[in-house]
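Enquirer: What follows is a single structure, and I will ask about it in a moment.
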Amino acid sequence: MIKARGLTKRYGDELRATRRAAARARAGPVTRTRISALLSAAALAAALAACSSGPAATSPPAAAWHQVTGRLAGAPYQIDLPARWNRTLIVWSHGYEPGRYPRVDDIEPVTRRWLLANGYAIAGSGFSSTGWAVADAYRDQAALLGLFTHRYGKPRLTIAVGESLGGLISAGLVERFPGRFSGALPMCAPLGGGTRVWNQGLDATFVLKTLLAPGSKLALVHLSNPGSYGALLQQIITRALRTPAGRARLALGAAMFDFPPWFDPRGPEPSPVHLDQRAANLASWLRLGLANAASYGRTDLEQRARGNPSWNTGVNYARELARSADHADVVALYRSAGLGLTADLATLNRAPRIHADPPAAAYLHATNDITGHLRVPVLTLHAIGDGGVPIENEQAYARLTSQARTTPLLRQLYIRRAGHCTFTPAERIIALKTLERRINAGHWTKLDPTTLNHAATALGPTLNVLTEIEGTTSNPLGPQRSPTTTPTLTSGLRDRHSPMAGSRPRRSDRPAVTWQPPSQEGGP
């Protein structure tokens, strides 16, 4: 078992760095200020109808907000303060940024306009580095919160909100600084923790290399040229798609990450009888997410951790498949291809294992794993067909809170849709309002699917659209209609969670969907 040595010292260093950054913030960072116009509801509707992101030329602004941008301890930031602030602050954490330049504002634009129009202040750091910058994010967001409070006063409510990697950061912020936050809304987030995510990524690439390209130069850890390794992995996937045996083995690799067999949020989930489509969807998630993460993402992580933090020592891949959400599809594809699944699993179990570098594993655990020890309410939001961050992360997080005996503070909302972070503005807004109600009332209310979906529908058609479809198609210039005619929010905690074995997080079956979403009859 790999032990996370020196974690107490590392956390102490992080907190001291945060205090130093906050002190520098009070000394006065370089900032730029401007006044920006909010769209009125009528202007917003007209703008959306015209597929335009700006206000209509003839529509006067309904209100204004005060925007400040600057740098704080090396991290760019942006603060938006409405003229009529409702005393609630959204501390926004952006998702994984692979580029060279940090970004400070990646909130979906329609949702952002609604928040500002309804009095919410938004503060977000771009973090002092790009990539898998979780450790930087904790320090930079805490320092930005200190700056905001110093300038504008303490908010009545401070809510940590983020999507994807930003959702993990939001959940981590309320664990590390519970006295400074009222609650958290992590969306489409890898809440199983960094150790689990990167171990599963290693499992998937280990399967692909061992079964599809055993003689290739594909490196799984300690990468030196991520561009060439990513291209090679894409070639391996493309070649495998040409044969039934290759598609079956791709599905086995996908099963190690619990990728869903549903890819396009604009269409329904393929039924089990449409095996070819489900196999193609699993391969699409491999190409979209795994190839980049296994190359550029892992290179960045290893540089931060100063070594390889992942391992597959002691892993029984037959047992892993039995626990995977994709078990039935893999068995069916192997049978259709006339391929021996037992033989392939035996090959995997005989293959040489990869050991983690203990200091690197300790770094990843200290900075990327959360504990479930909640002191404020947390509401999560996830699409059940998310292959960027599979829904099994929600089960793992629920198990952590159960072990920490903080389950009453957690509720989880689900969307019946494919895609990573494919939420409508209305779904995001209703999730936020539900969390606010819990913070103010002291108990959870109005969590039944009928109430949630009615509230989302009541926000109007301009907010019940998919404005961004990440990965599955290029982001459209204007909002696109949702694949359903009504929202598909549901709530609940699942009773099956990821079993733990030693220090290695494991996967579990995808939860049975026990709720019935609104009918999708009638088309968009």
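FYI, it's all coordinate maths here, none of it is from the lab. All of these numbers come straight from a predicted model, not from anything done at the bench. Reconstructed Cβ throughout: ideal geometry from the backbone, glycine too, with neighbour counts over all protein chains shown.
Enquirer: Work out how much length T347 to V273 would gain on full extension: take 0.36 nm times their residue separation and subtract the Cα-Cα distance, in nm to one decimal. Please report the intermediate quantities before stating the final value.
Expert: Working: separation 74, 0.36 × 74 = 26.64 nm, distance 2.89 nm.
Gain on extension, T347 to V273, equals 23.8 nm.
Enquirer: On a straight-distance basis, which aspartates and glutamates could pair with K446 in a cross-link, Cα separation under 13 angstrom, same-chain partners fewer than 8 positions away excluded?
Expert: Straight-line reach from K446, under 13 Å: E436.
Enquirer: In terms of the Cα gyration tensor, with a ≥ b ≥ c the square roots of its eigenvalues, is segment 294-337 rounded because a/c is under 1.5, prolate because a/b exceeds b/c, or oblate?
Expert: Working: a/c = 4.07, a/b = 2.29, b/c = 1.78.
Prolate is the answer for segment 294-337, as a/c is 1.5 or above and a/b outweighs b/c.
Enquirer: Sorting check: for 65-72, 90-97, 344-351, 420-427, which peptide has the highest mean count of neighbouring beta carbons within 10 Å, and how do the rest follow? Kindly include the intermediate steps, with their values, before the conclusion.
Expert: Details: 65-72: 18.8, 90-97: 23.8, 344-351: 16.2, 420-427: 26.5.
So the order, starting with the most tightly packed, is 420-427, 90-97, 65-72, 344-351.
Enquirer: Return T158, T238 ranked ascending by Cβ neighbour count within 10 Å, so the fewest neighbours appear first. Show your work: numbers first, answer last.
Expert: Working: T158 26, T238 12.
By the 10 Å Cβ count, ascending: T238, T158.
Enquirer: Just order 328-337, 165-174 by mean Cβ neighbour count inside 10 Å, highest at the front, would you? Numbers along the way, then the final one.
Expert: On the way: 328-337: 18.6, 165-174: 28.2.
Listed from highest to lowest mean packing, they are 165-174, 328-337.
Enquirer: Here is a further query. Need one number: nm distance between label points at R335 and R100, each 7 Å from Cα along Cα→Cβ, rounded to one decimal.
Expert: 5.3 nm
Enquirer: As a footprinting exposure proxy, order K209, K154 by other Cβ within 10 Å, with the fewest listed first. Before the final figure, lay out each step's value.
Expert: Working: K209 22, K154 12.
Placing the least packed residue first, the sequence is K154, K209.
Enquirer: Okay, next question. Along the principal axes of its C-alpha atoms, what lengths does segment 195-363 span, in descending order and rounded to whole Å?
Expert: The Cα atoms of segment 195-363 stretch 46, 36, 27 Å along their principal axes.
Enquirer: Placing unit charges on C-beta atoms (Lys and Arg positive, Asp and Glu negative, everything else neutral), compute the dipole magnitude of segment 195-363 about its Cα centre in debye, rounded to 20. Before the final figure, lay out the partial values.
Expert: Values: 18 positive and 12 negative charges, 68 e Å.
Here segment 195-363 has a charge dipole of around 320 debye.
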